[in-house]
Structures are given as C-alpha cells and as structure tokens.
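The values are calculated or read from the model by the stated rules, or taken from the named source; none is laboratory data. Not measured: the values here are computed from a predicted model. Neighbour counts run over all protein chains shown; Cβ positions are idealised from the backbone, glycine included.
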Amino acid sequence: MKIKKKFLFFLFAGALCFGQKTEFPVSAISADLLENSTAVLRKEKIEIEIESRKSVVVKTYRVVTVLNEQGLSKINASEYDNVRSVAATILDANGVEIKKIKRKDFKEVAVSEGSVITDNKNVFLDYTPTQYPFTIIYESEVQSENTAFIPPWIPLNEKNMGVEETAIVIKSSPDLGFKSKSYNFEGWDVKQEYLQDGVAFSLSNVTAIKDEAFSAAPFKYLPHAMFGVDKFNLEGVEGDATSWENFSTWAFRNLLSGTTELSDETRTKVKALVADEKDPIKRARKIYKYMQDKTRYVSIQLGIGGWRPMKAKDVDRLGYGDCKGLTNYMRSLLEAADVPSHYAIVYGDEDKMDMQQDFVSMQGNHIILAIPNGNDYIWLECTNQKMPFGFLGDFTDDRLALLVKPSGGALVRTDIYSDNAQNSKGSYVLQADGSIKGDIEIRSGGVQYSGRHHLISDSFDEKNKFYKAYFDIHNLKMDRMDVAEDQDRAEVSENLKLNAERYAEVRDNRLFFQINAFNKFSDVPQRYKIRKNPFEISRPFADLDEITVSIPDGYNVEAKPANVTIKEKYGSYRLEIESISPNQIRYRRMFTMQVGYYPNNEYEGFRKFLEQVAKADSSKMVLIKT
Amino acid sequence: MRFSDSFTKRFYAIVFFLGASIAIAQKRPELGHVTVAELEQKKHPKDSSAAAAYLYKHTKVTFSFDAGGIKVITDTEAKIKVYGKDGYDYATYEDFYYVRGGSISVKEAATYNLVNGKVEKTKLKGESEFESKVTKQIRSKKFVLPNVREGSILEYRIVKTTYSIGRLRDFYFQNDIPVDYVQYELRLPSDFKYSKLIRGSLNPEIREETITEAYGSQVQKTTYTLKDVAAMKEEEYVTNIDNFRSHIECELSGYTDSYNILHRFSTDWASVGGHVFEDEDFGPELKRTNYFEEDIKPLVDGKTDIEKMNILFNYVQSRMVWNKYMGYSCDDGVRAAYKNKIGNIAEINLMLTSMLRHSGLKADPILLSTRENGIYSFPSLTAFDYVICGVKIGEELHLLDASDKHAQPNILPVRAINDKGRLFNEKEGSYTVSLEPEKFSRKMVTVLATLTPDGQIDGQARDNYFEHHALRYRDSYADLGKELCADKTEKRFSGLEISDYDVLNRDNLAKPVTESYTFHHSGLADLIGDKIYFSPMLFLSLAKSPFTQDKREYPVDFVFPYQDKYVISIKIPDGYEVESVPKEAKLGMQDNLGTFFYSIAPQQKTLQLTVQYNINKAVISEEYYEILKEFFSQMIAKQNEKVILKKV
C-alpha cells in the first residue's frame, strides 16, 4: 500500500530579497544551558485569561532551539479543544527565517469520544527539520468552555532542556474566586507578582534537568503552580470549589446522581448472595468477588468531559466499564446489600501523588472505592479482576483521595504498605561436577506481592521465562514452578525446584561458587559525578532468606566469606554463613530498605551502601578436595 | 523409557492425522450452536496454558461489482472460547478501514455464558460499537462484547469491504492462541487471476471447485482448512513473528476483460519490472538528471568508480533528510526533494541511483520489504515497501542506502536488512540480491588495568567499533554530549565508574568509532582468606546467555555476523603471585557458525588475556538452537572463570 504525502511548496524568495532580521541565534545560548540539553527553551510566555465562568483562553508564545533529533519532541506544538489560531516560524542556527508554517500545514486528528465523534480536534505540528540546530517560534490561541481545569504552570516539565526564560501570566474575571498555589518555589529563582485576580510567574536561566536513578518524583522538588476558580464550569454544569466538602457534594450531585439504579433481578441476586452474612465487610468481600467475575476493564470516555460514570445498570448488563463505571457499579451493588461505600478520586501512579489538601479543584485521574470500616476504610481497586479484596498495590497506595459524598466529603489517605516482605526458605545440593539442585519456597507480601502476582495466572512458558531472568543462575532448568496465593493475606507463595549445570567453577581440586544462589542484588545504581536531583526510596521492603547448602562428599570448605553486617539510614543488610554439619552450610540473609527522601549530596552514600550489598551478595565460597 | 515414549507419540501422530482428515471432510461448524459442554470446559484440551482459543474461524472472500467498481467482501465468522482473564482481550475487536469505499460492519456478535446450567446468550448492541476517525482517510471500528467471564464463548461475524483488490489481506491460520478449526474460503470470479502462497510450516487441506452463480457467472471456489493449529508466540531475536506464523497471501496477477483478453499483472519478475518502471513515481523520477548535474560534476570528475560511489553516497547522505516515509515511489518527486533537502526513501535512493548512473556507474534500484513489513514471497509489487541502490563495480555489488545518517556503503540500516531484495534494470531485467550481511562486523576492546591489594580495579579502556558495530554505536550515542555518553556506558556495566570519556570519529563515517575512558570498579574481585579471585574479563564478560528457552520454533536473527576481540592486560598487586589461571580454550560451533578463543598468559606481574568470539552468520536456523545455546553456555562459563592470586 502506498501512502501519498503531499508536500506544500514554499518560497525562499522572501528571505532572499529583504534585509534579514535575525532573532535567537544559537550562538547566544550560554554554555551551561547547552549542557545535557537536546533543546533549549529560549523564551516562553503563556497568557491565560479566564474571561468568564464559561470561557478560558490560553495564548502561547514559545521559542525553542532544537539541538538534535532527540530534542524534536520538546517543541510541544500540540493543542486540543477550540483552536483559534496556531502558527510557527522556523529559523536557522543564525536566527534567519527559513520557513513559515501556517494553520493549514498543521495536522489535525479528530478526538473521538466513544461512539460519538466530537468536534474536538487535536491540532499538531509534524515538521521534519532539514538541519540542526534550528529554532522554532510557535504561537497559538486556544479557547475552552471548561474552567474546571486551568492548565498548571510546570516550567521545568521537560528533561534535557535548558531554559533561558519562561513566564506565565494568568488573569481572571473578578467574582469567580480565582486562586493559585505554588509548590517548591524556594530554592528556585522564581519571580512572582500577585495581581488582583491573577498572578505572574517567571523563571530564567535554569540548566537542563537530567534523568537520574532513584530521582524523587518531579512534583516533589521542581517548581510548579496550580490555578483554579471557585466557580467553574464543566461541560455546561456549574460547579463549586470553595472547599473539598463543597466540591465533593457538587461532584456527588452532578457526576453520580441517578447512576446507581440496578434491575430488580440483580438486586435480588445480590441480596441472595449475602443472605447468610451479617457482617458488612464480609458481605462486601463476596460482592467484590462477584463484581470481579462479572466485569472487565475497558477504556471508554463518556459523559461530561469523561467524568461521569456509566450507569450501574449498563455495567451490569454489559459486563464492562472503565474505572469510574466499575467503581460506581461496585458501589451500587453494595448499596443493594445495604453496605455503604464511597466513590473516591485519586491520582493513580507509581509515584505517590496526593490530591492537594489546600487547593480545591478538579484533580486526580483514577477512581477507587472506600468502604467505611470503623474509623478506617477498606479500599477496593475495581478495574482489576485478580486483586484480592482490600488490596490497592503501588498504583494508589499511601496518598490522599477525595471521598465523593452527599455531604461531609473529605480527603482521606489510602493504605500504606509498610511490610513488603519476601521470605525465602530452601536448600541446594552442590555436586562435585559444579552442578546444583535446589528447592525453594518464596513468600511475598505487600507491594512485593503485586510484583509477583502475575505468576498466578502466567502460563508455563511465561513462568519459565520469568524465573530464568529472575535467578542469577546460568543454565537454569526449572523442575517445579508451583505458585499459589492467599488472597486474604495478599501473599503469593512460590514452591520451586530447579537445577543447573556448571553453577560452580571447577578448577583442579577446587570448587568456587556464589553462596547466595537465589536472591542476588546486583542493580547498583549509576554513579554521578555531580548528582543533581534529590532521591527517594518511596516504599520499604524486607527480604529474608534462609538457605541450607550441602557440599559434595570428599570436599572441605577452604574459604568462606566473612559475615557481613551493614547498617545505614537507608536500610540494612546482614549475611551470616555457618557450618551446621560437616557437609552442610547455612546462610541467612536479610536486606531491608527504609522509606526516605534525601538531598542530592547524600546520593553517593546511598549508592555505596547498595554497592556493598551487591558485593556481599556475590561473595564466593571455595571448597577443596580432601 | 524414552524410546518407547517417542514411539508412542509418533504412533498417535499418525492416528491423529487420519482422524483429522476425516473430520475436516465433514461439514464446517457454524455459529449459534454453543453447547453446555463447550461452556463447561475449563482448559484447552491440547494447550492447558492457553488463555483463549479459536474454536472455529472461517473467512470467506467474495467479489461484487457496483457503481464504485469491483469490491472485495471479506466475511469472517469466529467462535472464541475464553479460558482465563488474560483471554478477555479477545472480547474487544478493533480494525481499520479506508473511508473511501471501505466499511466494516458487525453482522452479529454475542457472548454465551453458562447460567444455572443453561446457555445464556447476550447480544452485542449498538451502544457497544464504537467508530472513530483515525486520520482523514482512515476510520476505526471497535466493539466490546458484553458480559464476558472466564469460560464465556464469544461469537461474531464481521463483513469488511474494500475497493483495493490488488493484494488481499493476509489470512492467518495460526495465532498467538490455539485454533481448533480454521477455514479460508476464496470465491474468485473466473476472470480474475490471483497468485496464492501459503507460508509457515503447516499444510492446509485444499479443495477446489468451480461453481456457477446466478446470471451464469463462473466462480472459482478454493477452501483451505486446518485443524488443531498450535499457538505461536514471540521470542527474543526474531525479526517479525508474522513471517513464521502459518498464513496465506493472495495477490492479483491478472484478469480477462470483456473481449476475453488476459491482462497480466505482476505474475513474474519481468512484468513486475515493467510495471515498476512504468510507474510515474518511479521510472520517470529515476530518469531525471538535470536538477543535480551541475552540482555533482565538479565532485566526480576524474575520479575512479569506487571514489565516485563514495563521494556521491556521502553527498546525498549529508544533503538529504529522510522524512520517515517508506515506500518505493516518490511523493513530491526527486527534483523537489533535492531542492528542499528532504524526501522519502524513494526520493533519496532513486536520486542517488540516477546520480551514480549519470556519472557512468552501473547503478540500479533494489526493491525490498523492511523487517516490519515481513518477508516477501512471490513476484509482486505490493510486497515491497522500500528501495535502496545497488552499484556493480567489477564483480562486486555494493548496497547503498543514503536515507540513514549513519549508514555506509554496504552497511545498511537494520530496517532494510531483511532476507532478500530484488534488483531491477530497465533493459536487463531483475535478479534476487541477498541483503544479509556476509562479512563480520568487528569490535576491538583493549584494556590496561591495575588490581589493588584490596580488590579495586582501575584502568583504561579503548573500544574500536567497525562496520555494523559502528552504526549501532552511532545510532544509540547520537547527539549525546560526552558526559551523557559516559553515563550511558556506565549504565551498560553495573558498578562501573567512568572518567575522562572521549570518543573519536563519531561523525567521520569513514573511520571506526573509538571510545576511550578511564574506569574504576570495586566489585569485581573477591578477597577470601589470603587469596584474591577475579575474572580477568573484568566487567566485560557476558553476564547471561540470551538463549534460555528449551526450544525454538524459528531462526535466531543476529542481524549481522560479528567478531568481538578483547585484549586485556592486568597488573597484579605487589605482595601477590599468580596461583592459578583459567586454561586456554577453543570452542567451535558446527558448520563454522561460531568460534570462541580464550587464552591467558601470566607474566611476572601482569596477566595478558586475549578473547575472541565470532558469530559467522547473521541468521541461524532454529535447527541449530541447541548447539547455539550450548556454545553460549560454555563461552559464558569460560568468560567468568577466575584467576587466583595468592599472598606471597
């Protein structure tokens, strides 16, 4: 199939005839901004005007010098909603104009909303440069009737991009209750101006942000600001964001009202299901299983701005829904069984991002369910058909979620996993030819459970592949891979039998081998000459291994690694090796990490800690023939 | 024990085979007959790990005529059993069609479940069908089946139409889930001729008959039937799994018009060649020369053929930017592309071909199918999606692709290295050209290191990358500053600390890339008692074999043959002497597919290690998998053997 792409000719004539005006030459960029940069933001000005409750206009003026192909995506020339105008000019390295790009040269894709193709369009630039570096001046004006989301200011959103100057000015019509909240401004030279119903922020000369191992989540240390209005509009529905309680009430009335109705048949079914159960939590557990077996997750964006869930009776009939639909369906089923629960809005991400306590606005990107349990809540993830009851995993753990209720709605913290344990117990037999045969049982809980959970449903081939990558053993053959889970305790247990040839190196009358055969830590993070970002250990864990090793007859231990104990604030490590009989050695290994947030200058210490762990984990044992 | 086991298996295979052909001869299954037994089935009888299976799949292709022209109608019925939750993906269907003349309609679709011992059917309704615009020309049709659970049976019938009749959509008998019964039925009007090719290792049962339809038109009906097709899943080192899955390709080769005259399309290479040069976006574009004549004359005057080739290749490569569009036809034409310095694959490489021809060289276009596009099978134009240039100098054919900034003559970008291409010449016809690199690409690593008494290793490394190794380096380190290059190399070797990183000839394609750095590593040596143990390959030993699977169903694709050579010298600390070093080793693979050499020479205070390994063929057939796996296993064991030092 041949795909034709028609190119629009443009004329160089203009550039040749007139006196050339030059702007933004590459030579004017200071050396430190070029360091680690694939593009440099020369100048950016974003003007946001909230004209009324039903109209916000965003004007963007952005000049980016793209240094190489990797920097091309940083032009960020893409708009949604009602695009009033969009245009770009390309300059060469000296700042001489080489091309103008008009609206009609931009690409346009309709944004579909379920079965309805809307008028909303995504307009974007698809420019193939003929030379690097080049500079692009990009200008756009976009209007939206949704004032529920005012774009935040995230001046250092792009990695590997030095910034010369970036600014935002936001103005609101009075009486809408304009508000702004800044984060992490301290330590950054942000110029701030507070206006009547508006603000102006700017930042200049910031070197490129680099991707570094264990970097803290960007929102924890990079400057940014959120904006909003108390009186907003969402797809024609007026809303109130004066307090989380009011917002919650508004959301309940406008997003959830009339969505929980179920057929009599389903209500009867649910009632029958829990007829012998008095305890509300036990009722919920049964209904959760029922819901998981009946539904599946399908991504669909329907209802106001994609914020209103599908009706419960539709989910019931169709057996699928997105996070909103499935959560609300679960809520409806519980309601039918007289178990109260709350629809809860959160940020779903591995980085723990809170709904902002002191800034009330439309936030979050995911929905979960909260069931009151005494003074606490039991949280349900409703989009996963395999998760145990009350288990969230690392996608929504430990963060503030908004309970959407008729009244008294508030932010509540989700479950924190502090006991992410993995316990391994087993043994292996070493033969004189260097081969080993081993048995091991591994039990994993907390977020370590999430990491292993896929094994329950993995096929034989998938498990085989997983273990061959997981164990640091060449020529590994898996003889048994029994995996089971205890849903009540959210624990996966693996019962494994394995063998491998050439595990130990046989040399003359000696055998060398790594004593810790089953759980080797080797991912020492990279060293940075100048570490820039702060770092973070966001979830703790504790691994405990106890393995008995049988050595071949006719061999004695010639040398064994010394016991190791390391204690740091980041975590601790212990390796103890002892002979328990003439031909049996036992090693006990404990490796834990603590939650923590640390400044950049402590990174090297943390890295050294992990380096010592990796080294201890690779300790060798030497046996000699008697 | 083993003998009798395999004997039994063979015996059963025969029985199954007979059984299968009897069953196939029976009437094909139909939709709408879901039984309780089918719904009760918990696991696939032949593949217990399957998350889902096609119990039945039937696709019928017919032709019709309307105001818009000739239409191909593809009518597909499928019956799918869902065993586990991972099989839910099969309950969401999405496909794309051209707005002009294309359509996809869902004739019926339903989910069947077992409810209180009875079969319950839930039909798909309009609310679960979604249609969206992808681009101006392309739309997507999607449906989400309702009420899907573990154990459900899904059924649907979908009718697709299109006016593009040149190449029918490939039909896959094999999938990533098992297929119990699959049939492809072609009903071709007798005045249409299609070339058909069955790919993969399975042999469908074929039946042909001629049927007369209403109004007396003759239709040639061919059915292809297979039973019990095992799932084929993707593994590492494979170009494109679809090449190996069992499927059928159909390509229009000609038709007879109303005067009963046969018009042939691309049934043989001669007519393919004729068509390609007649294509207004190919032949005439190749002939144009006036747009570049003046520019290249001073470059090539008085030069030898080899020099001309290199000069013009460099000229086009540095002038032109590829706009990421594939194809062997020009879009805006070579002239506009040349002027704007931007073009698609055809514009860039046809431009190069005509420059070379204009300068007196024997240059011709080579059409090929990229890795993503799969391996082409029979004489046809639709199989190709790319063009490069072939230059014959003396007896040697040089392959050129100027679209890639890091390619060199005979070093094609990986996307273009896919089995074979076809060279076309207007007068002399065409012939097949192997694209598989035959010469090995070299990497040479030299290390000078010092071991300290506490087990730290410091040293300098110098890596030279040639040919494809250089291309790979340039691709992945392109545009990075020295600090980021150092970061990237550190990341490749856990625990390595690099300083003074430098790279030479990154932009000078004529020379090998030379990377050099100073390093420190504290995790390589073990101090046990009064001894030091370490692998003399230091951090450069291969950590793990890429070949861990028990069997392999398709070839291993290394992309290019290679030779990696390491020369490492290590100064041992004062107060220690060498107690033992690994023995010299030589390994060879059957049919000279690979070799490995390891030798260590202890001198007084220095160890001198030489390691060299070759993979001599770019693509190694799956029959050699066991041998390859064993070769890697032994090689890795050797690379990790230890030197033992003893305190004096």
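Miscellaneous remarks
- Residue ranges of strands (runs of 3 or more DSSP E) in the range A:134-238 with at least 2 members buried (at least 18 other Cβ atoms within 10 Å of the Cβ): A:134-144, A:161-172, A:178-183, A:198-206, A:224-229, A:231-234
- A:N122 closer than 27 Å to A:L234 by Cα, within 14 Å of chain B (Cβ to nearest Cβ) and either part of a loop (DSSP other than H, G, I, E, B) or at pLDDT below 95 (or both): yes
- Among the candidates A:F512, A:F460, residue that is at the interface with chain B (Cβ under 8 Å from one of its Cβ atoms) and either modelled with pLDDT of 90 or more or within 24 Å of the chain's Cα centre (by Cα) (or both): A:F512
- Boolean, B:D191 is more than 10 Å from every other protein chain (Cβ to nearest Cβ), under 29 Å from the mean Cα position of the chain (by Cα), surrounded by fewer than 21 Cβ atoms within 10 Å (Cβ to Cβ) and not aromatic (F, W, Y): no
- Selection status of B:G421, in contact with a Leu (Cβ under 9 Å, 6 or more places away or on another chain) and of a type in the set (G, A, S): yes
- The residue list B:K27, B:K79 contains one member that is modelled with pLDDT of 90 or more and not in a helix (DSSP H, G or I), which is B:K79.
- Qualifying positions in the range B:406-463 - touching a residue at least 40 places away in the same chain (Cβ under 8 Å), of a type in the set (A, V, I, L, M, F, W, C) and either over 20 Å from B:L496 (Cα atoms) or not in a strand (DSSP E or B) (or both): B:A407, B:I411, B:V414, B:A416, B:I417, B:L423, B:F424, B:V433, B:L435, B:F440
- Residues being touching a Phe, Trp or Tyr at 6+ places or on another chain (Cβ under 9 Å) and at pLDDT below 95 - total across the range A:479-488: 3
- Check on A:N420, surrounded by fewer than 20 Cβ atoms within 10 Å (Cβ to Cβ) and not charged (D, E, K, R): no
- Applying the criterion of at least 2 residues that are among the acidic types (D, E) and either within 14 Å of chain B (Cβ to nearest Cβ) or surrounded by fewer than 20 Cβ atoms within 10 Å (Cβ to Cβ) (or both) to the strands (runs of 3 or more DSSP E) found wholly in the range A:30-92 leaves A:39-52.
- When each of B:T514, B:T518, B:T548 is tested for being assigned to a loop (DSSP other than H, G, I, E, B) and either among the β-branched types (V, I, T) or not assigned by TED's automatic domain parsing to the domain that holds B:L628 (or both), the lone residue that passes is B:T548.
- Only one of the numbered conditions (1) under 30 Å from B:I627 (Cα atoms); (2) crowded, with 19+ Cβ neighbours inside 10 Å is violated by B:Y517, and that is (1).
- The one condition in (1) facing chain A (nearest Cβ under 10 Å); (2) closer than 26 Å to A:A616 by Cβ; (3) more than 27 Å from the chain's Cα centre (by Cα) that B:G459 fails to fulfil: (1)
- Set side by side, the residues B:I600, B:I568 differ, and just one is out of contact with any helix residue (DSSP H, G or I) (no Cβ under 8 Å at 6 or more places or on another chain), surrounded by 15 or more Cβ atoms within 10 Å (Cβ to Cβ) and closer than 17 Å to B:M537 by Cβ, which is B:I600.
- Flag for A:I547 being within 26 Å of A:G451 (Cβ to Cβ), assigned to a strand (DSSP E or B) and in contact (Cβ under 8 Å) with a residue 40 or more places away in the chain: yes
- Checked against the criterion of being in contact (Cβ under 8 Å) with a residue 24 or more places away in the chain and in contact with a Leu (Cβ under 9 Å, 6 or more places away or on another chain), the candidates B:F277, B:F292 yield just one match: B:F277.
- Options B:T122, B:T161; residue that is facing chain A (nearest Cβ under 9 Å) and either touching a helix residue (DSSP H, G or I) at 6+ places or on another chain (Cβ under 9 Å) or of a type in the set (V, I, T) (or both): B:T122
- Residue check for A:P561: within 11 Å of chain B (Cβ to nearest Cβ), in a loop (DSSP other than H, G, I, E, B) and within 24 Å of the chain's Cα centre (by Cα): no
- Long-range neighbours under 8 Å by Cβ, at least six apart or interchain, first residue within 11 Å of chain B (Cβ to nearest Cβ) and within 26 Å of B:S633 (Cα to Cα) within the range A:481-509, second assigned to a loop (DSSP other than H, G, I, E, B) and basic (K, R): A:E505/B:K642; A:R507/B:K642
- Counting only helices (runs of 4 or more DSSP H) that fall entirely inside the range B:302-359 and contain at least 2 residues that are more than 14 Å from chain A (Cβ to nearest Cβ), the qualifying elements are B:305-319, B:345-358.
- Looking only at the range B:45-71, and only at residues there that are over 28 Å from the mean Cα position of the chain (by Cα) and within 14 Å of chain A (Cβ to nearest Cβ), the one that is nearest to B:D257 (Cα to Cα): B:K46
- A:R527 within 14 Å of chain B (Cβ to nearest Cβ), under 30 Å from A:R452 (Cα atoms), in contact with a strand residue (DSSP E or B) (Cβ under 7 Å, 6 or more places away or on another chain) and surrounded by 16 or more Cβ atoms within 10 Å (Cβ to Cβ): yes
- All helices (runs of 4 or more DSSP H) inside the range A:271-376 with 2 or more residues being under 23 Å from the mean Cα position of the chain (by Cα), within 18 Å of A:T414 (Cα to Cα) and more than 14 Å from every other protein chain (Cβ to nearest Cβ): A:323-336
- If you check B:E234, B:E205 for being surrounded by fewer than 19 Cβ atoms within 10 Å (Cβ to Cβ), touching a residue at least 40 places away in the same chain (Cβ under 8 Å), away from chain A (no Cβ under 14 Å) and of a type in the set (D, E, K, R), only one passes: B:E205.
- Within the range B:464-490, tally of residues that are outside any helix (DSSP H, G or I), more than 27 Å from the chain's Cα centre (by Cα) and more than 10 Å from chain A (Cβ to nearest Cβ): 1
- When the range B:242-269 is filtered for residues that are in a loop (DSSP other than H, G, I, E, B) and either crowded, with 20+ Cβ neighbours inside 10 Å or in contact with a strand residue (DSSP E or B) (Cβ under 8 Å, 6 or more places away or on another chain) (or both), the ones remaining, listed by number, are B:F244, B:R245, B:S246, B:D257, B:F265, B:S266, B:T267.
- Count - residues of the range B:59-92 that are in contact (Cβ under 8 Å) with a residue 12 or more places away in the chain, hydrophobic (A, V, I, L, M, F, W, C) and more than 25 Å from B:L154 (Cα to Cα): 3
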